[in-house]
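*Asks:* There's a structure below that I have some questions on.
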Amino acid sequence: MTDRHHPGRATEAFFGRRKGKPLRDRQAESLATVLPALKLDLGAPAPARLADLFSVPVDEVRLEIGFGGGEHLVHRAQESPVTGFIGVEPFVNSMAKLVGRVIDLDLRNIRLYDDDATQVLDWLPPASVDRIDLLYPDPWPKRKHWKRRFVSQVNLERFHRVLKPGGLFLFASDIDTYVNWTLIHCRNHGGFEWLAQDASDWLTPFAGWPGTRYEAKARREGRSSAYLTFRSI
């Protein structure tokens, strides 16, 4: 039985920490007062045009799953002010940090969700997202935990449903087994074309890549990263 038919991490279960050290007063206040205005309301139907989620005009919409410290999401939102970004992160401390940056920089092209990304993927309309970023996801390195990895046939089917034809799925990791796992799963799914032409394509960071603290940690520890780009077909 494949994981396309076997529910696991790829469906409703969430694995990982929700909270870390206590929030500072300003962070707690921001979560209480600002996050509700930015958070997607999954209790209401998704708009037919995802651009309507944003208070500023946007030409396309991207989804970043597990934005961690938020460095990449903030960089992209500043870099592309006419792109709408949906950021998903269940870890409270990371969400608090990101909300603070949104306030400080007055970013109006970001919407957020603080729970499992599968809920957002199931809420989004078909063919509504231009790009999905999954950057340095938890690798669950022990073989017995591999079923918890976010990349799975179930979630790739979710990606394929919400991506526009020709939309992109970008994946970055410093864990070889997860890179290979993702390549195999995307190949087996059949709905994604890997765009690499030679080794330099997947060893070279994405265009405009700002780097992340996870990437910096990997390099300090002697691990290189892979940057995979797939097109929905």
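The values are calculated or read from the model by the stated rules, or taken from the named source; none is laboratory data. The structure presented is a predicted model; accordingly, all values stated were derived computationally and were not measured. Note that each Cβ is placed from the backbone with ideal geometry, even for glycine, and that neighbours are counted across all protein chains shown. Ligands, DNA and RNA are excluded from the accessible area calculation, which covers all protein heavy atoms including side chains. Shrake-Rupley method; radii C 1.70, N 1.55, O 1.52, S 1.80 Å.
*Asks:* Could you list, in sequence order, the residues of region 186-205 that are surrounded by 16 or more Cβ atoms within 10 Å (Cβ to Cβ) and in a loop (DSSP other than H, G, I, E, B)?
*Replies:* Those that are surrounded by 16 or more Cβ atoms within 10 Å (Cβ to Cβ) and in a loop (DSSP other than H, G, I, E, B): GLY191, ALA196.
*Asks:* Also, quick follow-up: Testing GLY68 on (1) touching an Asp or Glu at 6+ places or on another chain (Cβ under 9 Å); (2) open to solvent by 10 Å² or more (accessible area, probe 1.4 Å), one condition comes back false. Which one is that?
*Replies:* (2)
*Asks:* Okay, next question. Looking at LYS97, LYS147, can you tell me which residue is in contact with an Asp or Glu (Cβ under 9 Å, 6 or more places away or on another chain), in a helix (DSSP H, G or I) and either aliphatic (A, V, I, L, M) or touching a residue at least 40 places away in the same chain (Cβ under 8 Å) (or both)?
*Replies:* That would be LYS147, the only listed residue that is in contact with an Asp or Glu (Cβ under 9 Å, 6 or more places away or on another chain), in a helix (DSSP H, G or I) and either aliphatic (A, V, I, L, M) or touching a residue at least 40 places away in the same chain (Cβ under 8 Å) (or both).
*Asks:* Here is a further query. Residue check: is ARG108 open to solvent by 10 Å² or more (accessible area, probe 1.4 Å), of a type in the set (Lys, Arg), in a loop (DSSP other than H, G, I, E, B) and out of contact with any Lys or Arg (no Cβ under 6 Å at 6 or more places or on another chain)?
*Replies:* Values: open to solvent by 10 Å² or more (accessible area, probe 1.4 Å): yes; of a type in the set (Lys, Arg): yes; in a loop (DSSP other than H, G, I, E, B): yes; out of contact with any Lys or Arg (no Cβ under 6 Å at 6 or more places or on another chain): yes.
Spelling it out, ARG108 is indeed open to solvent by 10 Å² or more (accessible area, probe 1.4 Å), of a type in the set (Lys, Arg), in a loop (DSSP other than H, G, I, E, B) and out of contact with any Lys or Arg (no Cβ under 6 Å at 6 or more places or on another chain).
*Asks:* When you scan region 210-223, how many residues do you find that are under 29 Å from GLY166 (Cβ atoms), open to solvent by 40 Å² or more (accessible area, probe 1.4 Å) and assigned to a loop (DSSP other than H, G, I, E, B)?
*Replies:* Within region 210-223, the subset under 29 Å from GLY166 (Cβ atoms) is 210-212, 214-215.
In the following step, the residues that additionally are open to solvent by 40 Å² or more (accessible area, probe 1.4 Å) were identified as 210, 214.
Still in the list and also assigned to a loop (DSSP other than H, G, I, E, B): 210.
Selection size over region 210-223: 1.
*Asks:* Turning to a different aspect of this structure: Any chance region 31-52 includes a residue that's open to solvent by 60 Å² or more (accessible area, probe 1.4 Å), modelled with pLDDT of 95 or more, closer than 19 Å to SER128 by Cβ and in a strand (DSSP E or B)?
*Replies:* Yes, that holds for at least one residue.
*Asks:* In this structure, is TRP181 open to solvent by 20 Å² or more (accessible area, probe 1.4 Å) and part of a helix (DSSP H, G or I)?
*Replies:* When the stated conditions are applied, TRP181 passes them.
*Asks:* Still on this structure: Assess whether ASP138 counts as being buried (at least 19 other Cβ atoms within 10 Å of the Cβ) and either out of contact with any His (no Cβ under 7 Å at 6 or more places or on another chain) or at negative phi (or both).
*Replies:* Judged against the criteria, ASP138 is not a match.
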